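Visitor: Dumping the structure here so I can ask a few things about it.
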Amino acid sequence: MSVGLNVSIRYPDVPVLERPARARAEGFTVIESWWPFDTAGPGDAEVDAFCASVTDVGVQLVAMNLFGGDMAAGERGIVGNPARAAEFDDSLAVGLEVGARLGARMHNTLVGRGPLPDLAVERLAAAAAVADARGSQLLIEPLSAVADYPVLTTADAFALVGRLGPGSGVLADLYHLAVNGEDVDAAIAARGAEFAHVQIADAPGRGSPGTGSLPLARWLRALRAVGYEGWVCLEAREHFPGS
Ligand SMILES: O=C(O)C(=O)CO
């Protein structure tokens, strides 16, 4: 079980292309990122620059979100909006291309706020099949503190992944699960070995481990005990909010 750093939530005020170097300077050699481009369909030069920002500093990118819309404005996914189908397709193509170039085979795919329309499930399943053919996975993550987000628990995530088929998996962010009130010990015991990816932060505050009250060490030991063999990435703010 190796630990990586989510550079998007860790360094929100650092220019995107400087974030891998900042992570390396902090001692991380493994990173993940939310969608690092301003649009769903960046040009070749933007993609080349992002890939170089990772390879030039000798860190490994293990996961990258697909385009989720305007995250700062509260959007969490566009797949259910027919008017944004082209953007979703562009994001999938670019995400898989970056993944192929950098070896990042996991793509957290936010599903949009509000009830999940069948259209979204159909498009996610089609995208998962494309990802599967490229040796990659679309990840479904329960989120907390996002109004009307339809995936809140590991049960929600596994149920949706069950409808998407191969090329999909569950991203268990233990912070979100705890904030949503899920019994994380029970979730790990029941299906921890099936998690495709794990993220952690402490609560309250989504800060680094030790800044809140979550039993993160116990949960990591439990994940190892049930046979989880994937990555654990720190998706935490650098400082406890207000500090
Ligand atoms: O929106 C969030 O909190 C996420 O974790 C997105 O990946």
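The values are calculated or read from the model by the stated rules, or taken from the named source; none is laboratory data. The structure presented is a predicted model; accordingly, all values stated were derived computationally and were not measured. So basically every Cβ, Gly included, is an ideal-geometry build from the backbone, and we count neighbours across all protein chains shown. The protein model used for the area step is the full one, side chains on, heavy atoms only, and it has no ligands, DNA or RNA in it. Shrake-Rupley method; radii C 1.70, N 1.55, O 1.52, S 1.80 Å.
Visitor: Measure off, as a whole percent, the carbon and sulfur share of the 1.4 Å-probe accessible area of the chain, all protein chains present. Mind showing how you got there, number by number?
Guide: Values: 5220 of 10060 Å².
Percent of accessible area from carbon and sulfur atoms in the chain: 52.
Visitor: Let me ask something else about it. Using each residue's phi in segment 126-141, evaluate 6.51 cos²θ - 1.76 cosθ + 1.60 at θ = phi - 60° and report the 3J(HN,Hα) Karplus result to the nearest Hz, with x for Gly and Pro.
Guide: 5, 5, 5, 5, 5, 4, 4, 5, 9, x, 10, 9, 8, 9, 10, 10
Visitor: Based on DSSP H runs of at least 4 residues, each adding -39500 (n - 2.57), what is the mean residue ellipticity at 222 nm of the chain after dividing by all its residues, to the nearest 500 deg cm²/dmol? Kindly include the intermediate steps, with their values, before the conclusion.
Guide: Working: 9 runs with 93 residues, N = 243.
Mean residue ellipticity, 222 nm, calculated: -11500 deg cm²/dmol.
Visitor: Next question. In terms of solvent-accessible area of protein heavy atoms at a 1.4 angstrom probe, what is the ranking of Arg206, Arg218, highest value first? Before the final figure, lay out the partial values.
Guide: Values: Arg206 30, Arg218 110 Å².
Largest accessible area first, the list is Arg218, Arg206.
Visitor: Based on the Cβ-Cβ distance from Glu18 to Ser213, what FRET efficiency comes out when R0 is 30 Å, to the nearest 0.05? Walk me through the numbers on the way to the answer.
Guide: Details: r = 33 Å, r/R0 = 1.09.
The computed FRET efficiency comes out at 0.35.
Visitor: Then there is this: In Å², and per residue, what accessible area does the chain have when probed at 1.4 Å with the other protein chains present?
Guide: Details: 10060 Å² over 243 residues.
That works out to 41 Å² per residue.
Visitor: Along segment 210-225, what does the Karplus equation 6.51 cos²θ - 1.76 cosθ + 1.60 (θ = phi - 60°) give for ³J(HN,Hα), rounded to whole Hz, x for Gly and Pro?
Guide: Each residue's phi maps through the Karplus curve to give x, 8, x, 10, 6, x, 4, 4, 5, 5, 5, 4, 5, 4, 5, 5 Hz.
Visitor: What does the highest-first list of 17-25, 29-37 look like by mean Cβ count within 10 Å?
Guide: 29-37, 17-25
Visitor: Here's something else I'd like to know. Quick one: which residues, 5 or more positions from Val30 or on another chain, have an amide H under 5 Å from its amide H? H modelled 1.01 Å from N in the peptide plane, none for Pro or chain starts.
Guide: So Val30 has HN proximity to Leu5, Gln60.
Visitor: Using θ = phi - 60° and the Karplus relation 6.51 cos²θ - 1.76 cosθ + 1.60, list the HN-Hα couplings for segment 65-78 in order, rounded to whole Hz, with x at every Gly or Pro.
Guide: 4, 7, 4, x, x, 7, 4, 5, 8, x, 5, 9, x, 10
Visitor: Next question, about the same structure. Could you work out the local net charge near Tyr228, counting Lys and Arg as +1, Asp and Glu as -1, over the other residues with Cβ closer than 12 Å to its Cβ?
Guide: Details: positive: Arg191, Arg221, Arg224; negative: Glu194, Glu229.
Net charge in that neighbourhood comes out at +1.
Visitor: Among 208-216, 126-134, 106-114, how do they line up from the highest to the lowest mean number of other beta-carbon atoms within 10 Å?
Guide: The densest-packed peptide leads the list: 106-114, 126-134, 208-216.
Visitor: Starting from the 7 Å offset along Cα-to-Cβ, what nm value, one decimal, do you get for the label separation of Ala126 and Ala49?
Guide: 3.2 nm
Visitor: Still on this model: Per-residue counts of other Cβ atoms within 10 Å, averaged by peptide: what ranking do you get for 175-184, 155-164, highest first?
Guide: Peptide ranking by packing, descending: 175-184, 155-164.
Visitor: Quick query: amide H of Gln199 versus all other amide H atoms, modeled in the peptide plane; which residues come in under 5 Å with a sequence gap of 5 or more or a different chain?
Guide: The answer is Ala172, Asp173, Leu174, Cys233.
Visitor: Based on the Kirkwood radius over alpha-carbon pairs, what is the Stokes-Einstein translational diffusion coefficient of segment 12-81 at 25 °C with 0.890 mPa s viscosity, in µm²/s? All intermediate terms of the calculation are to be shown ahead of the outcome.
Guide: On the way: Rh = 13.0 Å.
D, rounded to a whole number, is 189 µm²/s.
Visitor: Under 14 Å from the Cβ of Val184, count the other residues' Cβ atoms, weight Lys and Arg +1, Asp and Glu -1, and hand me the total.
Guide: Values: positive: Arg191, Arg218, Arg221; negative: Asp173, Glu182, Asp183, Asp185, Asp202.
Within the 14 Å Cβ shell, the charges total -2.
Visitor: Throw me the Rg/Rh for the chain, computed over C-alpha atoms with Kirkwood Rh, two decimals.
Guide: On the way: Rg = 16.7 Å, Rh = 17.9 Å.
Over the Cα atoms of the chain, Rg/Rh equals 0.93.
Visitor: What net charge do the residues around Pro215 carry, taking every other residue with its C-beta under 15 Å from that of Pro215, with Lys and Arg at +1 and Asp and Glu at -1? Before the final figure, lay out the partial values.
Guide: Details: positive: Arg218, Arg221, Arg224; negative: Glu182, Asp183, Asp185, Asp202.
Around Pro215, the charge tally is -1.
Visitor: Hey, can you grab everything whose amide H is under 5 Å from the amide H of Ala63? Only 5+ residues off in sequence or another chain; H modelled, so Pro and N-termini drop out.
Guide: Distant-sequence amide H within range of Ala63: Ser33.
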